[in-house]
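Visitor: Below you'll find the structure I mean.
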Amino acid sequence: MENMESFIANLTTAVDFQEQVDIKPDTRLSDLPEWDSLAALAVIVMFDMEYSVTITGNDLKNCASVQDIHKLL
């Protein structure tokens with residue numbers, strides 16, 4: 001499993017935040033300024049391309065924090 005620091009870097013790149021965002025494992029997804037359906041889709045694609053892991057929108061709906069997404073690996 002990838003370490004959290006690398007995972008957050010990949011997540012930040014995938015979502016392509018317009019403003020600098022300080023993301024930590026316990027960051028709530030609802031607190032991220034650009035967390036929306038497009039961001040979720042970007043994370044799904046990231047999982048597929050970077051980790052060869054298939055996740056769904058429902059998997060992400062059950063995640064409340066960055067740590068929860070990381071656990072899907």
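Visitor: Could you give the dipole magnitude of the chain about its Cα centre, charging the beta-carbon of Lys and Arg +1 and that of Asp and Glu -1, in debye to the nearest 20? Before the final figure, lay out each step's value.
Guide: On the way: 4 positive and 13 negative charges, 47 e Å.
With Lys and Arg at +1 and Asp and Glu at -1, about 220 debye.
Visitor: Bin width 5 Å, origin at 0, all Cα-Cα pairs of the chain: what percent of pairs per bin?
Guide: 3, 17, 33, 31, 14, 2
Visitor: Next question, about the same structure. In nm, to one decimal, how far is the LYS24 label point from the GLN67 one, both placed 7 Å along Cα→Cβ?
Guide: According to this spin-label approximation, the distance is 1.1 nm.
Visitor: Tell me, what HN-Hα J-couplings in whole Hz come from the Karplus equation 6.51 cos²θ - 1.76 cosθ + 1.60 at θ = phi - 60° for each residue of the range 21-34, using x for Gly and Pro?
Guide: 10, 8, 9, 10, x, 8, 5, 6, 4, 5, 8, 6, x, 10
Visitor: Okay, moving on. Under the 0.36 nm per residue contour assumption, what length would be gained going from the current alpha-carbon distance of MET49 and THR12 to full extension?
Guide: 11.8 nm
Throughout, read-outs are computed from the coordinates displayed, never taken from laboratory work. The structure presented is a predicted model; accordingly, all values stated were derived computationally and were not measured. Glycine gets a Cβ as well: all are built from the backbone with ideal geometry, and neighbour counts include every protein chain shown.
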